[in-house]
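K.L.:
Below is the structure I would like to discuss, written out as structure tokens.
The values are calculated or read from the model by the stated rules, or taken from the named source; none is laboratory data. As the structure is a computational prediction, the values presented were derived from the model and not from experiment. For neighbour counting, all protein chains shown are included, and Cβ atoms are generated from backbone atoms with ideal geometry for every residue, glycine included. Heavy atoms of the whole protein, side chains included, go into the accessibility calculation; ligands, DNA and RNA do not. Shrake-Rupley method; radii C 1.70, N 1.55, O 1.52, S 1.80 Å.
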4 protein chains.
Amino acid sequence: MSNTFGKNIKVSIFGQSHSPAVGVTVYGLPAGQTIDFDQLQAFLQRRMPGRGAFTTERKEPDVPEFIAGLNDGVTCGTPLTAIIRNTDVRSSDYDQIKDVPRPSHADFTAHVKYGNHHDVRGGGAFSGRLTAPLCIAGGICLQLLKQKNISVAAHIKQIGSENDQSFDPVNVGEKDFGTLEKADFPVLDKDAGTRMLEAISTAKQAGDSLGGIVECAVTGMPAGIGEPMFDGMENRLACVLFGIPAVKGVEFGSGFASAGSKGSEHNDAFIIKDGTVQTRTNNHGGILGGITSGMPVIFRVVFKPVPSIAMEQDSVSLSRKEEVKLKISGRHDPCIVPRAVPCVEAAAAIAIYDALLD
Amino acid sequence: MSNTFGKNIKVSIFGQSHSPAVGVTVYGLPAGQTIDFDQLQAFLQRRMPGRGAFTTERKEPDVPEFIAGLNDGVTCGTPLTAIIRNTDVRSSDYDQIKDVPRPSHADFTAHVKYGNHHDVRGGGAFSGRLTAPLCIAGGICLQLLKQKNISVAAHIKQIGSENDQSFDPVNVGEKDFGTLEKADFPVLDKDAGTRMLEAISTAKQAGDSLGGIVECAVTGMPAGIGEPMFDGMENRLACVLFGIPAVKGVEFGSGFASAGSKGSEHNDAFIIKDGTVQTRTNNHGGILGGITSGMPVIFRVVFKPVPSIAMEQDSVSLSRKEEVKLKISGRHDPCIVPRAVPCVEAAAAIAIYDALLD
Amino acid sequence: MSNTFGKNIKVSIFGQSHSPAVGVTVYGLPAGQTIDFDQLQAFLQRRMPGRGAFTTERKEPDVPEFIAGLNDGVTCGTPLTAIIRNTDVRSSDYDQIKDVPRPSHADFTAHVKYGNHHDVRGGGAFSGRLTAPLCIAGGICLQLLKQKNISVAAHIKQIGSENDQSFDPVNVGEKDFGTLEKADFPVLDKDAGTRMLEAISTAKQAGDSLGGIVECAVTGMPAGIGEPMFDGMENRLACVLFGIPAVKGVEFGSGFASAGSKGSEHNDAFIIKDGTVQTRTNNHGGILGGITSGMPVIFRVVFKPVPSIAMEQDSVSLSRKEEVKLKISGRHDPCIVPRAVPCVEAAAAIAIYDALLD
Amino acid sequence: MSNTFGKNIKVSIFGQSHSPAVGVTVYGLPAGQTIDFDQLQAFLQRRMPGRGAFTTERKEPDVPEFIAGLNDGVTCGTPLTAIIRNTDVRSSDYDQIKDVPRPSHADFTAHVKYGNHHDVRGGGAFSGRLTAPLCIAGGICLQLLKQKNISVAAHIKQIGSENDQSFDPVNVGEKDFGTLEKADFPVLDKDAGTRMLEAISTAKQAGDSLGGIVECAVTGMPAGIGEPMFDGMENRLACVLFGIPAVKGVEFGSGFASAGSKGSEHNDAFIIKDGTVQTRTNNHGGILGGITSGMPVIFRVVFKPVPSIAMEQDSVSLSRKEEVKLKISGRHDPCIVPRAVPCVEAAAAIAIYDALLD
């Protein structure tokens, strides 16, 4: 298990939900980068549990301690390591899971892989808790990208059957991003947001859960970033995005919808605009042949519904090899999509900053 | 540009559309593996140009020469290298592209990245020609997987607005696969296939092109394969699949449709069947927490419409920085989805065989 | 700066001499390994400063805290991270070095590489302090090797002009190793040890320092480990050994002496002994073609004299670009070779354990 | 078996002594590099068999064919692949070795690793033949370094008991290098060369063989190249140098001799010379803390005596598990050190060019 992503920087995540700490080491950051710790903390706050009525009730401060790689708050060229202590752990909640895997969680597959040694407490290394160190690394990359005038922002595109507007793939920009960054619930269309919140509330009352789609845009991206074949921007973004728990699909530009279109409709004509080569439309999502075109990079990520639901479910006893009923107690989000938004931004920022160093 | 995929084996592709040869080196194959060269050739034939009226007219034999790594036709533990000569190259066709990039091709982004040194002939390293060495490596992996009773098979799920049936995600198996392997046009529903062929023919006559979706299933997969976070089966499959030109999205199991479902609908209950732990449904596509569950691995890949169309298009002159009209001549598939089917199988086989060696 | 070694496991070291902590993450350890923490602490004690009159006076407990990767003291399959707090840091000692680099230290080269951002305090990431996390990882690997009956042991072969006996390259084994492990000053010939201690004492009084050679043997090594070319056992051992500060050469078997021998003298005849293929002599140091032969692996590592000496030295002011005199104050070992012995064992254990997982 | 070296470029070697071809792929070369093919051929000629009476009699042209990565003789940004056909293979010579391993060759260890699948013909992947593709990659890197005014040159320091002068570690430069490059037998002291040739001739007549030492210097090296710990210049150079068959030791600067010196003797004082920071002496071999200091990089590599000797030797029958006598027939160099000189230069050039791209 390498838990490591990147070619030029390497982001390496460690920890389990209930180990003493979770953390991240970022290898390869250039020396001399100043980190704005307040801004980073504000970013981490966006994925924090406990922000609203609809999220899990577990509350932890999530303040990273930087134990290596800095000299007076500035990167010094050595690996940067930050850790967050796990303070609010109630291991007794998880005894049952050891024998009866929760449907659509990783309990069963981890059991097959690691046997009894798997740290089942809180989902172990499969927990959403591991997105905290991902967001530390990603939050730093977001700051470094910002210095190069590259912005990464995401919104909730869909929750259950409720849909937000889409980004305008050609003109998306700071006017959208400013609103999203400050929003408690990041959507473009506030009414859609209200309907989503209601849907979440309904699901919570029913002891059920919802999935959704996050749409992300990267603007200010220079052309020529990424490499053909397996090191293309699509490959790299997909590789890191599928590292976020519950992601089941990734699409770029027009994505799956392009299957139904014709070349004459889908092709993005080149034009000269503001003295540079651009495209009139952006069905290609800012990436051609794995390499950025200079147009906004646009992609969408689907999150399956949270598998922890309050209803009784069918499962099996691994020790007795028989079918049993399972009722999951404890604290669970009915929908992790809102908290996933900064995780998607963090993941994208890591892949993009890494590619810029090619 | 590393053109390399894999953790345990490494598949490394080299060559350009019009260089003396394209080829592949596979590092890390165990010694003692016998390759069935006839079976490999039959597999390569499935992605060959020139099989039907609707494919490009360029015809090359595509017989690989194995120049390293074998001892009497058996792997000897050293890197395996195979090359295919590029014999039918007409470089003169491509003079225009150097200055006027084809919309939605990689001409422009490669120009930004490599400048005048980019080998623009036939798309250079961005050509679909590079899927020939991918299929050599993948065809070998398919054979090695077969020895472990793991089968990988794909079909055309959609072309334009025509849809094939989906695989039954729980019961997909040899009865489907046998038919698909022998088919000239791999679909589950022959009538859908007929309609797709008509749609392709119509697009060809209009000088237009079509995209589509390929669905792939892997059966016989043992549980416990893959690793959490960035080395999960989803990450690895996505990373290699986005290496196939024109792929713009990848989804696993219920994929993007799961955004609209509830946890109570989407969760796959565990059951005991034939003495083993299985799931009643397979919305998870055989992967939980990045690790295989033992259920069929199911995923879909979307291909954008072929960007080379006969119609006049808007583009720009890179040297003169002005907008111009472009008309692409030469040989082009109106739809590469049928030929992409073995490429998807090859890519998947590589990722899966690699993960089995973890 | 990746600070990472290994193909199958990855040992990744972070921290600076005066950062809040130093630490190590070991990726890829199999689940289910029990670590004997007392034995690990005893091993770490062997490289500890402050054991004798001749070592640096800085004293820190060096008790690692394991913050990730364990479940009830047993590896759980996720990355293992351990940190050691840096408690005894006196940063004021190092103000001068920022401008006047110490001869034969890394101050100057780090200044060129990282500019003013280099963490010069205590040598930063170039400090011998970083061998503490190396020894955590190596101490764990030593335990895992021991379970496979593989032993790694080293002794001081030379300090200044004093020489210890050499290991018998064919019959080296537990009888030597037992003595060495318990010794305060690990040599085979006690008289040689006494002379070495005297030489160190003399150097200390003169404000001077000494270098030396450490010889290491690995017994119980199965044949067939390692790979040709760049992944051979020699390459891998050399790569990790040169990661220990002050190492300037590595040789295997007869090493540099073999330049003066003839093939007829140097070749190691194969024999049958105890029913297995062995060699009569072991000039090859247990490695042929990068692959272990089953004979003891024997190598030697040279450490340059400690560059920190009390005498006045010639250096330059980097800011004023002029030559100046430098007098280094503070605490320094006159000879780090004794403390380097467990570091060599640790480094070797990491490379060997990694290769066993090929 | 990855056969791959490098972080930024990756040099990957494939082929066996008697496979259809040997070859190399270099990943990551920047686009736009012009290769001087005549100069490359002249460099390859230096390691060619058949140059003098004392070398093996097998004669092959060794003209590489570049099958990928070039566009009109200029690198185009995709992987560069070159192959050399193996034309002069007499496989019948090697039947005996399959059962009776040659002492101090890799026959036995490869047998243990790969079993009967090992390609024993001509030493398979362990043959000195694999240094031909190493020299293709290295020869290209030498040209690219030369454009940056970095020179790499080596000479024979020792053969048997005969010694050449050493490079002046401070003032080594073009005046030495010009002579060496043109020499049939690269030594600094012609008389020493004559004595070495006599020693080789004597060994040949006796059916015996000799080892030796190659000393290499890199001048024009900028300060600040390389990274601490495992990615230092010493680690990287050692890693690639141990990839050359028969290398058993590598030392930098004063190397093993520094064990006997004091800090006050060994430390290299910083001085201001020609307006830049230099060192008065160069015991550190141009590398401090893994990072170049701007002084010449100096290292020595020891080659064991050629294990193929004409005398009868003791070995074993692997099938019958009994001791037997072995007499090796066929063509063999009594000393490969002269031909190893360009291989050392090639290996060093690869490591250094790779590090320059950090």
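K.L.:
Somewhere in the range A:112-119, is a residue within 14 Å of chain B (Cβ to nearest Cβ), in a loop (DSSP other than H, G, I, E, B) and touching a residue at least 40 places away in the same chain (Cβ under 8 Å)?
P.N.:
Within the range A:112-119, one or more residues are within 14 Å of chain B (Cβ to nearest Cβ), in a loop (DSSP other than H, G, I, E, B) and touching a residue at least 40 places away in the same chain (Cβ under 8 Å).
K.L.:
Sticking with this one: When the residues of the range C:126-143 are filtered to those that are open to solvent by 10 Å² or more (accessible area, probe 1.4 Å) and assigned to a helix (DSSP H, G or I), which remaining residue is farthest from C:Gln16 (Cα to Cα)? Before the answer, list the steps.
P.N.:
Filtering the range C:126-143 down to residues open to solvent by 10 Å² or more (accessible area, probe 1.4 Å) leaves C:126-129, C:131, C:142-143.
Now drop any that are not assigned to a helix (DSSP H, G or I), which leaves C:126, C:128-129, C:131, C:142-143.
Values: C:Phe126: 8, C:Gly128: 10, C:Arg129: 8, C:Thr131: 11, C:Leu142: 25, C:Gln143: 27 Å.
This residue is C:Gln143.
K.L.:
Taking the range B:157-179, which residues are within 26 Å of A:Lys262 (Cα to Cα) and either assigned to a helix (DSSP H, G or I) or acidic (Asp, Glu) (or both)?
P.N.:
Initial filter on the range B:157-179 (within 26 Å of A:Lys262 (Cα to Cα)): B:157-167.
Passing the criteria: B:Glu162, B:Asp164.
K.L.:
For the range A:312-329, which residues satisfy the criterion of being polar (S, T, N, Q) and assigned to a loop (DSSP other than H, G, I, E, B)? Quick ask: steps written out before the conclusion?
P.N.:
The initial filter retains those residues of the range A:312-329 that are polar (S, T, N, Q), namely A:313, A:315, A:317, A:319, A:329.
A:Ser319, A:Ser329 - these are the residues of the range A:312-329 that are polar (S, T, N, Q) and assigned to a loop (DSSP other than H, G, I, E, B).
K.L.:
Does D:Ala203 qualify as being in contact with a Leu (Cβ under 6 Å, 6 or more places away or on another chain) and either hydroxyl-bearing (Ser, Thr, Tyr) or surrounded by fewer than 24 Cβ atoms within 10 Å (Cβ to Cβ) (or both)? First the steps, then the outcome.
P.N.:
Numbers: in contact with a Leu (Cβ under 6 Å, 6 or more places away or on another chain): yes; either hydroxyl-bearing (Ser, Thr, Tyr) or surrounded by fewer than 24 Cβ atoms within 10 Å (Cβ to Cβ) (or both): yes.
It is true that D:Ala203 is in contact with a Leu (Cβ under 6 Å, 6 or more places away or on another chain) and either hydroxyl-bearing (Ser, Thr, Tyr) or surrounded by fewer than 24 Cβ atoms within 10 Å (Cβ to Cβ) (or both).
K.L.:
If I ask for residues that are surrounded by fewer than 24 Cβ atoms within 10 Å (Cβ to Cβ), outside any helix (DSSP H, G or I) and not basic (Lys, Arg), which ones from the range B:144-153 would you list? Please lay out each step first, then the result.
P.N.:
Restricting attention to the range B:144-153, the residues satisfying the condition of being surrounded by fewer than 24 Cβ atoms within 10 Å (Cβ to Cβ) are B:144-151.
With the extra rule that they be outside any helix (DSSP H, G or I), the set shrinks to B:147-151.
B:Gln147, B:Asn149, B:Ile150, B:Ser151, listed by residue number.
K.L.:
Is it the case that the range C:277-284 has a residue that's of a type in the set (Lys, Arg) and in contact with a helix residue (DSSP H, G or I) (Cβ under 6 Å, 6 or more places away or on another chain)? Working first, answer last.
P.N.:
Applying the first criterion (of a type in the set (Lys, Arg)) to the range C:277-284 yields C:280.
Restricting the remaining residues to those that are in contact with a helix residue (DSSP H, G or I) (Cβ under 6 Å, 6 or more places away or on another chain) gives none.
Among the residues of the range C:277-284, not one is of a type in the set (Lys, Arg) and in contact with a helix residue (DSSP H, G or I) (Cβ under 6 Å, 6 or more places away or on another chain), which makes the answer no.
K.L.:
A follow-up question, please. Which residues, counting only those in the range B:246-284, are within 7 Å of another protein chain (Cβ to nearest Cβ), buried (at least 24 other Cβ atoms within 10 Å of the Cβ) and within 19 Å of the chain's Cα centre (by Cα)?
P.N.:
B:Lys248, B:Gly249, B:Val250, B:Glu251, B:Phe252, B:Gly253
K.L.:
Take B:Thr34 and tell me if it is closer than 30 Å to A:Thr4 by Cβ and at pLDDT 95 or above. Break it down stepwise before answering.
P.N.:
Working: closer than 30 Å to A:Thr4 by Cβ: no; at pLDDT 95 or above: yes.
Spelling it out, it is not the case that B:Thr34 is closer than 30 Å to A:Thr4 by Cβ and at pLDDT 95 or above.
K.L.:
Output the number of residues of the range C:235-245 satisfying the condition of being within 19 Å of D:His284 (Cβ to Cβ) and either at the interface with another protein chain (Cβ under 7 Å from one of its Cβ atoms) or modelled with pLDDT under 95 (or both).
P.N.:
Taking the range C:235-245 first, the residues within 19 Å of D:His284 (Cβ to Cβ) are C:238, C:241-245.
Still in the running and either at the interface with another protein chain (Cβ under 7 Å from one of its Cβ atoms) or modelled with pLDDT under 95 (or both): C:238, C:242-243.
Counting residues in the range C:235-245 that are within 19 Å of D:His284 (Cβ to Cβ) and either at the interface with another protein chain (Cβ under 7 Å from one of its Cβ atoms) or modelled with pLDDT under 95 (or both) gives 3.
K.L.:
Check the range C:75-92 and report whether any residue there is open to solvent by 10 Å² or more (accessible area, probe 1.4 Å) and part of a helix (DSSP H, G or I).
P.N.:
Within the range C:75-92, one or more residues are open to solvent by 10 Å² or more (accessible area, probe 1.4 Å) and part of a helix (DSSP H, G or I).
K.L.:
Within the range C:155-213, count every residue that is of a type in the set (Ser, Thr, Tyr) and farther than 26 Å from D:Glu265 by Cα.
P.N.:
Number of matching residues: 2.
K.L.:
If D:Ser104 satisfies every condition in (1) closer than 24 Å to D:Ile200 by Cα; (2) more than 9 Å from chain C (Cβ to nearest Cβ); (3) over 14 Å from the mean Cα position of the chain (by Cα) but one, which is the exception?
P.N.:
D:Ser104 satisfies all of (1) closer than 24 Å to D:Ile200 by Cα; (2) more than 9 Å from chain C (Cβ to nearest Cβ); (3) over 14 Å from the mean Cα position of the chain (by Cα) except (2).
K.L.:
From the residues in the range B:279-316 that are out of contact with any strand residue (DSSP E or B) (no Cβ under 7 Å at 6 or more places or on another chain) and of a type in the set (S, T, N, Q), which one is nearest to B:Glu215 (Cα to Cα)?
P.N.:
The residue in question is B:Asn283.
K.L.:
For the range D:1-49, which residues satisfy the criterion of being of a type in the set (D, E, K, R) and open to solvent by less than 40 Å² (accessible area, probe 1.4 Å)? Write out each step before concluding.
P.N.:
First pass over the range D:1-49, keeping only residues of a type in the set (D, E, K, R): D:7, D:10, D:36, D:38, D:46-47.
If the condition is that a residue be of a type in the set (D, E, K, R) and open to solvent by less than 40 Å² (accessible area, probe 1.4 Å), then D:Arg46, D:Arg47 are the ones that fit.
K.L.:
If you go through the range A:1-52 one residue at a time, how many are touching a His at 6+ places or on another chain (Cβ under 6 Å) and of a type in the set (A, V, I, L, M)? Write out each step before concluding.
P.N.:
Let us first name the residues in the range A:1-52 that are touching a His at 6+ places or on another chain (Cβ under 6 Å), namely A:31-32.
If we keep only those that are of a type in the set (A, V, I, L, M) too, we end up with A:31.
Selection size over the range A:1-52: 1.
K.L.:
Filter the range A:297-331 down to the residues that are among the polar types (S, T, N, Q) and open to solvent by 20 Å² or more (accessible area, probe 1.4 Å), then identify the one that is farthest from the other protein chains (Cβ to nearest Cβ).
P.N.:
If we filter the range A:297-331 for residues that are among the polar types (S, T, N, Q), which is where we start, we get A:308, A:313, A:315, A:317, A:319, A:329.
Narrowing further to those that are open to solvent by 20 Å² or more (accessible area, probe 1.4 Å): A:319, A:329.
Values: A:Ser319: 12, A:Ser329: 15 Å.
Top of the filtered list is A:Ser329.
K.L.:
Can I ask one more? Quick one: in the range C:206-220, which of the residues that are under 20 Å from C:Ala154 (Cβ atoms) and open to solvent by 10 Å² or more (accessible area, probe 1.4 Å) is farthest from the chain's Cα centre (by Cα)? Don't jump to the end; show me each part of the working.
P.N.:
Restricting attention to the range C:206-220, the residues satisfying the condition of being under 20 Å from C:Ala154 (Cβ atoms) are C:210-220.
Keeping just the survivors that are open to solvent by 10 Å² or more (accessible area, probe 1.4 Å) gives C:210, C:213, C:219-220.
Values: C:Leu210: 17, C:Ile213: 11, C:Thr219: 18, C:Gly220: 21 Å.
Of everything passing the filter in the range C:206-220, C:Gly220 is farthest from the chain's Cα centre (by Cα).
K.L.:
If I ask for residues that are within 12 Å of another protein chain (Cβ to nearest Cβ) and open to solvent by 50 Å² or more (accessible area, probe 1.4 Å), which ones from the range D:158-181 would you list?
P.N.:
Of everything in the range D:158-181, those that are within 12 Å of another protein chain (Cβ to nearest Cβ) and open to solvent by 50 Å² or more (accessible area, probe 1.4 Å) turn out to be D:Ser161, D:Asn163.
K.L.:
Take the residues in the range A:332-358 that are within 13 Å of chain B (Cβ to nearest Cβ) and out of contact with any Phe, Trp or Tyr (no Cβ under 9 Å at 6 or more places or on another chain); name whichever of them is surrounded by the most Cβ atoms within 10 Å (Cβ to Cβ).
P.N.:
It comes out as A:Cys343.
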